[in-house]
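Asker: One structure, pasted below without further comment.
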Amino acid sequence: MTQAATQAPQIITQADGVLIQGSWTTVQLKDWLKLQPQLQTQPSARIQADAMDTNGAWLFLSTFGRQPANWPSGLTRKQQDLLSQIAQLDLSLPAPQPALNPIADLGRRMVREVYSGAKLLNFLGQLFVAIVQMAKDPRHFKPKLFLDTLQRDGLHAVPIIALLSFLLGAVVAYQGGVQLSTYGANIFIVELVALTHLRELGPLIAAILVAGRSGSAYAAQIATMKMNQELLALRSLGQDPFTLLVLPKLFGLLLVLPLLTVLADLAGLAGGMLVASMQLDITPMVFWQRLAEVVNPAHFWVGLIKAPVFALIIVNVGCMQGFQAPGGAEAVGQRTTRSVVQAIFLVILVDALFSIPLSHVGW
């Protein structure tokens, strides 16, 4: 850095007046702030500024005002132009928003969630319109994108879903077996593991993991494309972003999530069977025989019919959050997080709502 750019501020009293000397730069802001009370009492002083940047110009204006008539003499033309440009800007801080009381804050949050739900339903309507248009003209369907979804969201999710479902089935069997063994009802561990896993835990664990893996990826991908103006490029080329980005994900997840649910069911039963064999002296053959005898296959279908609905929720939420991203890296992260939270919440909510009609029909 040059010497002129680092010249220390000082006030020099001369025979013909006061000379203010120094560089109005960021490096010297701290020293100028110390001299600011003295500077404001020297309206007729002369100034010798070897350098000036935007931060120094802002401090100069806050010291001497925005009117050029109040500025000390001796400024160069370049410095005067910089000060004039900074003076035209609104440098005042926004007024702080008044804090809301808890009831008002709750109301604001509720209105925001209702508005978010309305946008979700609107996006769902657009999705169905795109499906109808695809049915009218199947040539727009992209098989490669569909196969990519099958591989990325289906095949690659097999290890984590199988492992966690196995561990979850083992935990349910272990905790339930401790209680059943005290009453000599070890054999009922089969019904406990089968009913809880086939009806609820299998579909839920598969949907939650897919929402965390794939739903967040959908939101991040589309939000990043929007930030990079790739969506505008697609529209300028006459391509529909729904057809290219949303429908392959929807069709792929509608196919793979039921299969992943079946995998989660089998892994959970395997975990329960292992714990039953080691803790309750129930051999795997006895476990599977009783499973076939006493467990109604309707419990399996109850869990399986939830999977397509969960897939629709995950794709709808993930893609909508991506399209709603305003732009910027921070917005991408916020929309990704929001997509995961909202998708998991809706999956659990819809799973609870499924229990009402299914209980009325005796399933």
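None of the figures in this text is laboratory data; all of them are computed from the coordinates on show. These numbers come from a predicted model, not from an experiment. Don't worry about glycine lacking a Cβ; one is built from the backbone with ideal geometry, like all the others, and counts go over all protein chains shown.
Asker: Provide the percentage of antiparallel DSSP beta bridges, counting only those with both residues in the chain; round to the nearest 5.
Answerer: On the way: 5 of 10 bridges.
Percentage antiparallel, nearest 5: 50.
Asker: Based on the mean of other Cβ atoms within 10 Å per residue, sort peptides 154-162, 198-206, 116-124, 53-61 so the most packed one is first. Could you put the intermediate results ahead of the total?
Answerer: On the way: 154-162: 15.7, 198-206: 24.8, 116-124: 13.9, 53-61: 19.0.
For the peptides 154-162, 198-206, 116-124, 53-61, the packing ranking is 198-206, 53-61, 154-162, 116-124.
Asker: Calculated from the structure, Cα extents along the principal axes in Å equals which of [x] 65, 42, 41; [y] 74, 52, 41; [z] 111, 59, 44?
Answerer: It is the value labelled [z].
Asker: Give the peptides 211-217, 317-323, 68-74, 302-308 in descending order of average Cβ contacts within 10 Å, highest first. List each step's numbers first, then the result.
Answerer: Values: 211-217: 22.4, 317-323: 27.0, 68-74: 13.3, 302-308: 20.4.
Highest to lowest by the protection proxy: 317-323, 211-217, 302-308, 68-74.
Asker: Turning to a different aspect of this structure: Quick one: which of Lys119/Lys306; Lys142/Lys249; Lys34/Lys78; Lys119/Lys226; Lys119/Lys142 span more than 21 angstrom between C-alpha atoms?
Answerer: Values: Lys119/Lys306 23 Å; Lys142/Lys249 11 Å; Lys34/Lys78 26 Å; Lys119/Lys226 18 Å; Lys119/Lys142 27 Å.
Table pairs above 21 Å Cα-Cα are Lys119/Lys306; Lys34/Lys78; Lys119/Lys142.
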